[in-house]
Amino acid sequence: MAENPFFAPSDLPYELPPFAEIREEHYLPAFRRGMAEQLAEVEAIAGSTEPPTFDDTIAALERSGRVLDRTATAFFSIASSNSSDGIMEIEKEISPELTRHSDSIRLNRALWARIKQVTTSDPEEAWLLQKYREDFIRAGADLSETEQARLRELNEELSRLSTEFAQALLKAATEAALVVKDPAELDGFDQARIDSLRQDDGTYALPLLNFTAQPALSQLTNREVRRRLFELSVGRAPGNFAIAARMAALRAERAALLGFPDHASYVVADQTAKTVEAVEEMLGQLVGPAVRNAGREAEELAQQAGFPIEPWDWPYYSEQVRKARYDFDDSAVRPYFELERVYRDGIFFAAGKLYGVTFEERSDLAGYHPDVKVFEVFEEDGSALGLFLLDPYARANKRGGAWMNNLVDQSLLFGLRPVVLNNLNVTKPASGPTLLTYDEVTTAFHEFGHALHGLFSKVRFPRVSGTSVPRDFVEYPSQVNEMWVTWPEVLANYARHHETGEPMPAELVEKLTAAETFNQGFKTVEYLAATLLDWAWHRLAPGEEVADAEAFEAAALERAGIAVPQVRPRYRTNYFAHIFAGGYSAGYYSYIWSEVLDAESVEWFKENGGLRRENGEHFRRELLSRGGSLDPLSAFRNFRGREPRIEPLLKRRGLD
Ligand SMILES: [Zn+2]
C-alpha cells in the first residue's frame, strides 16, 4: 500500500491534494488507516500518567489524525463536486464508520478526564480549550454508559440517513428532470441553450437545480410547461419526506439525552444566537413585513398577467414586470458578465484594492476535473499566501448550489498555508464564452468572501482555522463581499461587453442597481418560509412522531404565518439538503442572522470611504484573519466598534 497517496503529505505546492494520483480504491484503506492511527494517538494522550498540560492534551489532539484529515478533506470535496457510483458507495460505507470513530474519541472517559484538568493562561489556548470542552459535553462525554450507547446508535443512524437523503437528491436532479420531445415547448430559451439540453435519444432534458423556483421558470413562455417543471421541482425525491421525519425524531431524542428540550435548543447553544428565543424574536420581526411585501408584489404580478398567478408563474411575470419597470432583464446584462472577466477584473480586482493581494493562474497544478482552475495568491509584498481553486460549472455528478471548502486548513501549528475551493453551478455553454446572470455574479462574489476568510486565516490551531466559526457567523464575511458587485469602481472594471469590450452603459448600470430592491418580498418570504420549516422540524419535542411529513410542512408554514400561496419555501422538506444532508439543521436562520452583521459592516465600509486599502486591512486584521480563534462577537465589536444593531438590515430589505 506504499503508493497510497494519502499515507504521506502531498509534495505538491501548499500540499495540494495530488488529484492526478488519487484513485477511488485509495480512499477506503486511507480512511481506515487514518482512523486507526488517530485512535492510537488518542489512546496515548488519554493513557499518559503525567499531569495533563495544554500541549500534551489539547495541542496533541490538534496534531492527531493527519492521514484521516487529508483523506476526508479530499474525499468529501470530491463527493460533492465530482461524484460517481463508486464514490457514492464508499460514502455510504464510510459515513457510519466515521461517526463511530468520532464518538469513540469524544466518549473516551480517560481522555475527557484529562481535558477537564487542563489549564492555560494564554487567551488563544483558553478559547480553544473551552471549544474542546463544549465539543465533548455536547457529544455526550458526561453521559452514563447506557446513555452513551444509545447516543452512538442515534449518531450512526443519523449519519446513514443523511447520506441516503443526499444521494437520493443527486439522483433526482437528473432523473426528475423536465423532459420534452418537441423543442418548441422550450420557447423562451435561446437556441444555444436548447442545443445544450439535447440528449442522445433526441429528447431535451432540463435538470433540476436544488431550490424550488427553477430559474428557467422566468424564461419559459408555455404556462403548462412551467407548471410541469414546478411540480417536478417540489415533488422530487419523495422518499426523502419519510427520511426527514425519521431524522427529526432521532435528533429530538438525541437532544433530550443531552439535556435539551429539542434539537433547535441544542444547536443554538454554541452559536452566537445562544437561545431559541433570540432566534424567534429576530424572525418574528421579519415575517409580518415580508408577507405584506410579497402580497403587494403578487397583486402587481396578477395585474401584469391578467389572472391570479400561481407559484410557477411568479418568476415569469416578475421578470415581465422588471422589464416593464426597469427596462432590463438578464439577457440585457449577461453579455457584460463574462466569467473570466468577472473574476479577473471584478472579484480579484476588488480583493487587490482592499487587501493588496494578487492572483496568478497555475496551469501546472491540476484540480480533480479539467474545468477546475488553480490560482496562486500573493501578498502585497510578493510573498506567497495560498491557493484558490475555482470549479465553476454544473455537472450531473455535482451537487447543486454554490459553496466553499478548504482543501488544506491554514495553521501555524503545522506551518500550513491555506488551499481553498469555490464551487459554482453555472451552465457550461456548448461553445463560446460563459456569460453569467446577475445572480450568478453575486453568488461568485459571495463564495469568494468565504474564500478570503479561509485564505487570510492566521491562527495557531486547525480546529479554529478560517471558516471554523459558528454557522450563524460564517455567512457574514461572505455576505459583506457581495457589496463590491455593484460598487462603481469595481463594476466599471469588470462589466464589459464580451465582444466589443464596451463598458456597461450607464443607464443599464442604473437600472441594475435600481432593480436591486425589486422582488424582495418574494425573496424574503421564500427564505423565511424555509427557515421556519427548518425550525418547526427541529423544535419537535422528543417522542413527537410525524406520520405525514407533507401535512406537517403545510401546518408549520400556516402556524408561522408565512404560508403565502404563490410563494413556496426556497426548499421543501424533501430537498432541504442544508438541514437533512448538510450542517445547517436548525441553522438555516443563520443567513439572516449573519446579515445583521453584514448590513452593519457594509455601513461601516461606506462611512469610511468604501473600497480602500486601509478599510480592507482593518476588516482583515480584526475579522478575516482571526478565524474562530476568539469569541466571534468580540471580533465583530473589535471591527465595528459597537454592538450589532438590526436597523441597517431592516432598512436594506425594505422592512423598516
Ligand atoms: Zn455562503
Ignoring everything but the protein chains, give the 1.4 Å probe accessible area of Lys511 in square angstrom, nearest 10. 50
Residue by residue, what Karplus-based ³J(HN,Hα) values in Hz, rounded to whole numbers, does region 391-401 have, using 6.51, -1.76 and 1.60 with θ = phi - 60° and x for Gly and Pro? 10, x, 9, 6, 9, 4, 9, 10, 6, x, x
How many angstrom separate the Cα center of region 175-205 from the Cα center of region 104-170? 49
DSSP beta bridges in the chain, what fraction antiparallel, as a percent rounded to 5? 75
Solvent accessible area, Å² - Glu15, 1.4 Å probe, full protein context: 60
For the chain, calculate the relative contact order in percent as a whole number, restricting contacts to Cα pairs under 8 Å that are 6 or more residues apart. 17
Under 5 Å between amide H atoms, partner at least 5 residues away or on a different chain: which partners does Ser465 have, H built in plane at 1.01 Å? Gly628
With all protein chains present, calculate the accessible area of Arg133 using a 1.4 Å probe and round the result to the nearest 10 Å². 70
Pop out the carbon and sulfur fraction of the accessible area of the chain as a percent, whole number, probe 1.4 Å. 50
Can you find, among Phe189, Thr174, Thr99, the residue farthest towards the positive end of the dipole of region 89-193? Put +1 on the C-beta of Lys and Arg, -1 on that of Asp and Glu. Thr99
For region 159-227, what relative contact order do you get, as a whole percent, if you take Cα pairs closer than 8 Å and at least 6 residues apart? 37
Per residue accessible area of the chain, 1.4 Å probe, in Å²: 40
Which angle between 0 and 90 degrees, to the nearest 10, do you get for helix 276-305 versus the longest principal axis of the chain when only C-alpha atoms count? 20
With every protein chain kept in place and a 1.4 Å probe, the residues Glu499, Glu124 fall, from largest accessible area down, as Glu499, Glu124
Within straight cross-link reach of Lys523, meaning Cα distance under 20 Å, which lysines are found once same-chain residues fewer than 8 apart are removed? Lys323, Lys511, Lys651
Rounded to the nearest 500, the 222 nm mean residue ellipticity computed for the chain from DSSP H runs (n ≥ 4, each -39500 (n - 2.57)) alone is -16500 deg cm²/dmol
In degrees rounded to 10, the 0-90 angle between helix 314-326 Cα long axis and the longest Cα principal axis of the chain is 60
Tell me, what HN-Hα J-couplings in whole Hz come from the Karplus equation 6.51 cos²θ - 1.76 cosθ + 1.60 at θ = phi - 60° for each residue of region 604-617, using x for Gly and Pro? 4, 4, 5, 4, 9, x, x, 6, 10, 4, 5, 5, x, 4
In whole Hz, what ³J(HN,Hα) sequence does region 55-60 give by Karplus (6.51, -1.76, 1.60; θ = phi - 60°), x for Gly and Pro? 5, 7, 10, 5, 4, 5
Straight-line reach only, C-alpha to C-alpha below 27 angstrom: list the lysines that Lys92 could link to, leaving out same-chain residues fewer than 8 apart. Lys171, Lys398
Roughly how far apart, in whole Å, are the Cα centres of region 20-37 and region 388-459? 25
Taking the Cα centroid of region 221-272 and of region 351-374, what is the distance between the two, rounded to the nearest whole Å? 36
Across every pair of different alpha-carbon atoms, what Kirkwood hydrodynamic radius in Å does the chain reach? 26.1
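The values are calculated or read from the model by the stated rules, or taken from the named source; none is laboratory data. What you are looking at is a predicted structure, and each value in this text was computed from that prediction instead of being measured. No Cβ is skipped: glycine too gets one built from the backbone with ideal geometry, and neighbour counts run over all protein chains shown. Quick note on the areas: whole protein, heavy atoms, side chains included, nothing else; ligands and nucleic acids left out. Shrake-Rupley method; radii C 1.70, N 1.55, O 1.52, S 1.80 Å.
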